[in-house]
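What follows is a short report on a single structure.
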């Protein structure tokens, strides 16, 4: 069997067999030849709908083999994709559709009844490729416009600095993917494709020739089975996924080989040292942590060996970025903690907020330097995070970093997951609260009062008294699909 020449520009550099696997979601399998055909059909359809370079097209779809072809088709025709979180309410989705000036929406049948103020079409869409459709190195490239989660006010559309032509974009995706280890290995997609990391990391592997296995939803047992069954090399996980894998029955863990794994990227949320060390001992030194945000992409990268040698770090700053700790916009000496400032070494702005020049201007403190709201320090080019600025609790005039408290509490085997945060307090300004999930094998063996005493007594051995939570609540933390804690709803629930 010989390789073929793809029609799709973003795939036409690959030497792949047309019948070899490209994408599989467990129910629909696409070979490279079929993927090329589907992307060409989708591109033709978008052009027929009079989508022009720079237009916005929304995707409101669950994980499936059809998601990636739509992204490739849109970008190939110069269109910007706006992935919509399908967990959002119709009103929240309508705001994003209106704010982004969405030209049209492609959605799953589950969401066909949603009125978002633009034309909507149900996927899949049948169409034949346009004969003679010519895309080249210099053709306009689209992109992916992500909306921030909106921790304060409405979510904002983020446009990262992106290549303007398809040739430049393909080159960037291939080279950056290879630089972080996504060099075309078989890739397991575990998270929702409307999130930046699962989507972009999958695309980097795909354009380097790697097949994608797409999970409709994460299940720890199933993920381990897929890794062994399909000899997965690469994947992206969030900390809560590792926790669920570690909590599987012993026979499920013992039956997992993982011999094919060479790279498991993780980020999006802090990971407890005890969890990370346990996974490294189980899977080997394949974990690679990254730190960044919607505005920046990955800023630092940390291999398992680097993390073991520099405990607590989120890695070395990537070559194209510079990171310094700041206070009041001024640089601090190395090793001193402050708000972390980030800057492209090229001196260019890394991103802008869609149709909001004022918010974009305020995001940069000076000389194209911006901040993601993380408090930490830099030592010999290694970045260390203490917490988010918005998470810092000021109790009795003293700063407390919940991430430090969480890391200390998670050393206790009886705690499976937790969230530490502050709520208003008349006397202290704020008081510290912990919501905890107890490990399965510890549930029901002691009263909540006895568990609280045991947890706080152990914590007092490693934390100053003012850092100990004033209240412990035993309940579900409720992490979302990206592994993030819904702090706003937890604060509202426990403020009284």
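Worth pointing out:
- Selection over region 238-265 of residues that are over 23 Å from residue 438 (Cβ atoms) and at pLDDT below 95 gives a count of 2.
- Of all the criteria given as (1) under 26 Å from the mean Cα position of the chain (by Cα); (2) in contact (Cβ under 8 Å) with a residue 24 or more places away in the chain; (3) part of a loop (DSSP other than H, G, I, E, B), the one not satisfied by residue 462 is (1).
- Residue within region 266-279 that is surrounded by fewer than 19 Cβ atoms within 10 Å (Cβ to Cβ), in contact with a strand residue (DSSP E or B) (Cβ under 9 Å, 6 or more places away or on another chain), at pLDDT below 95 and farther than 26 Å from residue 148 by Cβ present: no
- Residue 231 being surrounded by fewer than 21 Cβ atoms within 10 Å (Cβ to Cβ) and assigned to a helix (DSSP H, G or I): no
- The C-beta contact set for region 363-376 (first residue free of Cβ contacts under 8 Å to residues at least 40 places away in the same chain and at positive phi, second residue surrounded by fewer than 20 Cβ atoms within 10 Å (Cβ to Cβ) and in a strand (DSSP E or B), distance under 7 angstrom, 6+ apart or interchain) comprises 368/344; 373/388.
- Filtering region 455-469 to residues that are surrounded by 15 or more Cβ atoms within 10 Å (Cβ to Cβ) and touching a strand residue (DSSP E or B) at 6+ places or on another chain (Cβ under 7 Å) leaves 455, 467, 469.
- Output for region 12-26, where each listed residue is assigned to a loop (DSSP other than H, G, I, E, B) and either modelled with pLDDT of 95 or more or touching a strand residue (DSSP E or B) at 6+ places or on another chain (Cβ under 9 Å) (or both): 16, 17, 18, 19, 20, 25, 26
- Restricting attention to region 470-488, the residues that are outside any strand (DSSP E or B) and more than 30 Å from residue 294 (Cβ to Cβ) total 1.
- Just so you know, in region 393-408 the residues that are touching a residue at least 60 places away in the same chain (Cβ under 8 Å) and outside any strand (DSSP E or B) include one that is farthest from residue 302 (Cα to Cα), and it is 396.
- Residue list for region 420-457, restricted to those being at pLDDT 85 or above, farther than 15 Å from residue 404 by Cα and assigned to a helix (DSSP H, G or I): 448, 449, 450, 451, 452, 453, 454, 455, 457
- When 382, 401 are screened for being within 30 Å of residue 322 (Cβ to Cβ) and at pLDDT 90 or above, only 382 passes.
- From the options 148, 152, 165, residue that is surrounded by 15 or more Cβ atoms within 10 Å (Cβ to Cβ), under 30 Å from residue 363 (Cβ atoms) and at pLDDT below 90: 148
- From the list 296, 346, the lone residue that is closer than 24 Å to residue 176 by Cα and in contact with a strand residue (DSSP E or B) (Cβ under 9 Å, 6 or more places away or on another chain) is 296.
- Qualifying residue in region 117-127 (condition: at pLDDT 90 or above, within 28 Å of the chain's Cα centre (by Cα) and in a helix (DSSP H, G or I)): no
- Only a single item in (1) under 23 Å from the mean Cα position of the chain (by Cα); (2) in a strand (DSSP E or B); (3) at pLDDT below 85 is not met by residue 390, and it is number (2).
- Residue match in region 77-100 (condition: over 30 Å from residue 480 (Cα atoms), outside any loop (DSSP other than H, G, I, E, B) and modelled with pLDDT under 95): no
- In the set (1) over 22 Å from the mean Cα position of the chain (by Cα); (2) surrounded by 13 or more Cβ atoms within 10 Å (Cβ to Cβ); (3) over 28 Å from residue 277 (Cα atoms), the condition left unmet by residue 378 is number (3).
- Number of positions in region 302-349 that are farther than 27 Å from residue 155 by Cβ, touching a helix residue (DSSP H, G or I) at 6+ places or on another chain (Cβ under 9 Å) and surrounded by 17 or more Cβ atoms within 10 Å (Cβ to Cβ): 5
- Residues of region 243-265 that turn out to be surrounded by 13 or more Cβ atoms within 10 Å (Cβ to Cβ) and in a loop (DSSP other than H, G, I, E, B), as a count: 8
Here is a yes/no grid of residues against (1) closer than 24 Å to residue 62 by Cα; (2) modelled with pLDDT under 95; (3) assigned to a helix (DSSP H, G or I):
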{"residue": "176", "(1), (2), (3)": "no, yes, yes"}
{"residue": "192", "(1), (2), (3)": "yes, yes, no"}
{"residue": "197", "(1), (2), (3)": "yes, yes, yes"}
{"residue": "204", "(1), (2), (3)": "yes, no, yes"}
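- Residues in region 266-313 that are in a strand (DSSP E or B) and farther than 18 Å from residue 201 by Cα: 313 alone.
- Count - residues of region 27-61 that are within 16 Å of residue 120 (Cα to Cα) and either in a strand (DSSP E or B) or within 21 Å of the chain's Cα centre (by Cα) (or both): 6
- Selected residue (criterion: nearest to residue 71 (Cα to Cα)) from residues of region 128-145 that are at pLDDT 90 or above and part of a loop (DSSP other than H, G, I, E, B): 142
- Residue check, residue 111 over 19 Å from residue 11 (Cα atoms), surrounded by 17 or more Cβ atoms within 10 Å (Cβ to Cβ), touching a strand residue (DSSP E or B) at 6+ places or on another chain (Cβ under 7 Å) and at pLDDT below 95: yes
The values are calculated or read from the model by the stated rules, or taken from the named source; none is laboratory data. Quick caveat, the model's predicted, so the values are computed rather than measured. Note that each Cβ is placed from the backbone with ideal geometry, even for glycine, and that neighbours are counted across all protein chains shown.
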